[in-house]
1. What order, most packed first, do the peptides 46-54, 150-158 have when packing is the mean number of other Cβ atoms within 10 Å of each residue?
2. Okay, helix-only estimate at 222 nm for the chain: each DSSP H run of n ≥ 4 adds -39500 (n - 2.57), divide by all residues, round to 500 deg cm²/dmol; what do you get?
3. Just want to confirm a number: the relative contact order over region 128-194, from Cα pairs under 8 angstrom separated by 6+ residues, in percent.
4. Which whole-number percent is the relative contact order of the chain (Cα, under 8 Å, 6+ apart)?
5. Report Rg/Rh for region 128-194, rounded to two decimals, where Rg is the Cα radius of gyration and Rh the Kirkwood radius.
6. Please give the peptides 167-173, 39-45 ranked by average Cβ packing (other Cβ atoms within 10 Å per residue), highest first, as a rough proxy for protection.
7. Report, to the nearest 10°, how far helix 39-56 tilts away from the longest principal axis of the Cα atoms in the chain, using its own Cα long axis and a range of 0 to 90°.
8. Would you indicate which of [x] 1.08; [y] 1.06; [z] 0.93 is the value of Rg/Rh (Cα atoms, Kirkwood Rh) derived from the coordinates of this structure?
Amino acid sequence: MPQETERNETMMDLLRLLTGFAILSYAAYSDLKYREASNKLWILMGVIGLALLIMEKPDATTTFISIAVSFPLAFLLYFFGMGGADVKAMWGIALLSPLPPKISLFPSPIFIFPLTVLINSLFLFVPLPFILLFYNAYKKNLEFPYCLFGYKIKAWEAKNKFVWSMEKNGKKSIIPVKNFNFDEVANKEIWVTPKLPFLVFIFVGFVISFIFGDILFFLLSFFQ
């Protein structure tokens with residue numbers, strides 16, 4: 001019986017991994033190309049997730065707590081800059097895999113798996129300021145702190161790219177200007193910051209969380 005239970009848990013984990021990989025990879029592609037993703041993806045993920053929960057019958061209390069915490073947490077992040085599709089993706093993950101998978105190499109001590117996915121996704125942002133710094137150093141545009149958050153480009157080019165202006169009325173800021181009229185300064189070179197396709201980070205964070213585990217917990221284990 002224990003071996004059969006373990007096989008069933010592994011099978012469920014693999015089904016969740018394959019479902020999440022398929023849906024999130026397509027959503028990441030859509031976000032990268034169009035900066036949007038269809039709501040049908042999250043409905044499909046939620047329906048499959050609920051079906052798997054009914055089949056597996058995991059611990060009801062921890063499952064309920066995980067979902068109950070994940071939903072308002074994801075919605076709260078909407079007010080801190082996450083897009084609507086990003087929030088819905090986290091809701092989909094909460095229904096698909098509310099608890100940590102057993103197949104992870106370094107399982108999280110936190111039983112709220114969507115939180116692990118979110119933290120791992122945010123870790124992927126850490127190299128971005130360094131990438132922008134090296135790029136701006138190559139372009140000889142080392143204006144701090146702007147060179148850590150964006151890059152310079154002609155306004156007429158920026159108009160057709162997924163970027164926000166970092167300038168308004170001749171003043172620079174690291175806070176994106178979301179209603180900037182690029183046509184007013186078409187020939188001027190301005191600082192812009194990219195509209196990052198966060199679903200790409202969520203997709204990679206999900207895969208890392210499932211296979212590797214909790215990055216933060218792994219790093220903290222070296223200091224114990």
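1. Top to bottom by mean Cβ count within 10 Å: 150-158, 46-54.
2. -18500 deg cm²/dmol
3. For region 128-194, the relative contact order is 36 percent.
4. It rounds to 24 percent for the chain.
5. Computed over Cα atoms, the ratio is 0.94.
6. Ranking the peptides 167-173, 39-45 by packing returns 39-45, 167-173.
7. Result, in degrees: 20.
8. The listed entry that was calculated here is [y].
Read-outs throughout are calculated quantities, based only on the coordinates presented, and are distinct from any laboratory measurement. These numbers were taken from a predicted model, which means no experiment stands behind them. As a convention, Cβ positions derive from the backbone with ideal geometry for all residues, glycine included, and neighbour counts pool all protein chains shown.
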